Amino acid sequence: MTSTARKISSSHDNGRYTRLETAVMSALAQDLRGQVPDLAAQFSRSRPTIRRNSGFGQFTEMLVDAHRPAPGGPSGDIGTVHVVITGLRYPVAFRARVRDGRLLGLLGDSYGEDTRSIDFATVPFDQIFTIAAGGAPIHFAGTHRPETAANQAKSRTEARQEASRPQPVRQAPTQSVPTSAPPPRVQPAPAPVARQAPPPRQPQPAGFNPDPDVISDEDRMTMRIGLWAMIGVVGMLLFTVFGVPLPFVLVAGFVIGRFFQTEKGLIALRRIQQSLKAAQDAAQTRQTG
């Protein structure tokens, strides 16, 4: 993976933050108010110095007011705010980079998706959110949402709801029908709607074993987010508890993560999940029997 550092040109943005950076930092300030209470104040008195498109995300280096006293606090890349960005299939995860509580920069990770063609300074974005422990998204209030992107997302949601809604059975008009009722719709035909959006998935019975080679887009994103989170936890344990050298932990985590980003890796991960689930069900059956 190669990346080219690009210093900010005063003629391009006069040292100002982009709308994406401002919205993400506003959300991170809410998400990290318990760890870095003055993160919003630090950001308001900082300026960007370097921006890089790594090919798998973005990094913005930030310079905080040198006369500001050191706040004290955590170090590393903290927080996780996701943003839906036009042109990318999956949301991008953003984290704040701090050292002893002082803001150093903003790091964006596309979970392995190629971002070399994305201009993060001007790209439209929508849906700024974090993920709760149960997997449900929590949207941030007061963050920037372009009107065009919001309308497009709303249209997609309404189209899916319309496609999944059962079609009413048309009855012959009777005298009880008011004369002011609108005439029945004859277009559009149901067939194109059925092709545009698949019907909603029905809950499967216990013990259902889906084909591991068929993975939905929703499952792909969930598996990738869970995988990177698990790699981060295991790497932290290896480094802090077992004393494994940090370069080895980073290289091993990157290699394992990149493998499971591929189609072959995702299918292997799905089969491992199914094997563990089958073993757990068998153990429960023996206990209840």
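Computed from the coordinates by the stated procedures, all read-outs in this text should not be read as laboratory data. This one's a predicted model, so the numbers in the text were calculated from it and none came from an experiment. Cβ coordinates were reconstructed from backbone atoms using ideal geometry, including for glycine residues, and neighbour counts include every protein chain displayed.
Annotations for the structure displayed:
- Estimated FRET transfer efficiency (ARG258, ALA132; beta-carbon r; R0 22 Å; 0.05): 0.20
- Whether segment 7-95 is rounded, prolate or oblate, judged on the alpha carbon gyration tensor where a/c under 1.5 counts as rounded: oblate
- Length released on extending from THR122 to VAL233, taking residue separation times 0.36 nm less the Cα-Cα span: 36.6 nm
- Segment ALA41..GLN280, full-extension length gain: 81.1 nm, with 0.36 nm per residue of separation and the alpha-carbon distance subtracted.
- One decimal place: the segment GLN287-LEU63 gains 74.6 nm when fully extended, by the rule 0.36 nm per residue minus the C-alpha distance.
- Two-decimal Rg/Rh across segment 37-78, once Rg and the Kirkwood Rh are taken from alpha-carbon atoms: 1.01
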